[in-house]
Amino acid sequence: MSAKGPNHGAPRHVAIIMDGNGRWASERGWPRSKGHRHGVEALRRAVRAAGDMGVEVLTLYSFSAENWSRPETEVRFLLELLRRFIRTDVAELHNAGVKIMMIGCRKGLDPSILAMMEEAEALTRENTSLKLVIAFNYGSRQEITRAVQVIARKVAEGKIDAADVTAAVISNHLDTGGLPDPDLLIRTGGEQRLSNYLLWQCAYTEFVFLPEYWPDFNADLFRRAVEEFQSRDRRFGGIKAQTA
Ligand code: FPP
């Protein structure tokens, strides 16, 4: 099915900015950590719904390169949540055929977290249903910078000619190399910005901003965002197909 005109099919790749955990909790007089814990439940609902809708790739912004500037207790809590998630959910995801992938900078990460991530990736490497991409210690500018450094080194070593550095070459050197670009980006929590997320990959992505906070995200909101995406006319810089 064509992905160009309105009423096209399910998005192949959905990227999500899971925002609003802290506000969700504060509005209830609860600590922010409770919002993050409920955020993991919403994440599980999102993964299930993505699979049900036939989405091929779901990329979730779980911890940004800038999130280290949060209070140490919150950072520690978020890392612990990720650890717990890997410990408790990977077996079930594996049984469901989900392929887990991590994007973001791995340098300097706690070795025990890194080992858990890499084990989850290795275990699920051959799986062929949903690709679940977890953006952790991720920042798009940092990712592009790393890719440019690798390409520059290859040029300096004569492995590639500068004139052959195309957009496709750059895409393939990003952490998302080999994945299709996101068709749909959903951000919950009411803010309307990208926050250093998939800047290169979102050149032609459709954005849907939801006022709901992430812990309230569910299959129904996901379906509505997909319907909104399906009603959009994607032209990729071209013009609408002409009728004779
Ligand atoms: C944004 O809400 C959310 C985050 C920075 C973390 C997202 C993490 C989770 C949903 C759970 C952990 C993830 C995994 C993979 C187990 P915020 O804290 O910025 O909310 P606010 O804008 O209301 O303060």
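The values are calculated or read from the model by the stated rules, or taken from the named source; none is laboratory data. The structure displayed is predicted, hence computed values, not measured ones. Don't worry about glycine lacking a Cβ; one is built from the backbone with ideal geometry, like all the others, and counts go over all protein chains shown.
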What number of residues within segment 40-66 satisfy the criterion of being within 18 Å of ALA25 (Cα to Cα) and either in a helix (DSSP H, G or I) or of a type in the set (Lys, Arg) (or both)? 4
Determine if segment 69-88 includes at least one residue that is surrounded by fewer than 17 Cβ atoms within 10 Å (Cβ to Cβ), among the hydrophobic types (A, V, I, L, M, F, W, C), away from the ligand (no atom under 11 Å from the Cβ) and over 15 Å from the mean Cα position of the chain (by Cα). no
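Looking at GLN192, GLN201, which one is assigned to a loop (DSSP other than H, G, I, E, B), in contact with a strand residue (DSSP E or B) (Cβ under 8 Å, 6 or more places away or on another chain) and free of Cβ contacts under 8 Å to residues at least 40 places away in the same chain?
GLN192
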As an exercise: evaluate GLU92 against (1) within 9 Å of the ligand (Cβ to nearest atom); (2) part of a helix (DSSP H, G or I) and give the number of the one condition it does not meet. (1)
Selection within segment 7-29 - within 9 Å of the ligand (Cβ to nearest atom) and either crowded, with 17+ Cβ neighbours inside 10 Å or at pLDDT below 95 (or both): ILE17, MET18, ASP19, GLY20, ASN21, GLY22, TRP24, ALA25
So is VAL40 free of Cβ contacts under 8 Å to residues at least 12 places away in the same chain, among the hydrophobic types (A, V, I, L, M, F, W, C) and within 11 Å of the ligand (Cβ to nearest atom) or not? no
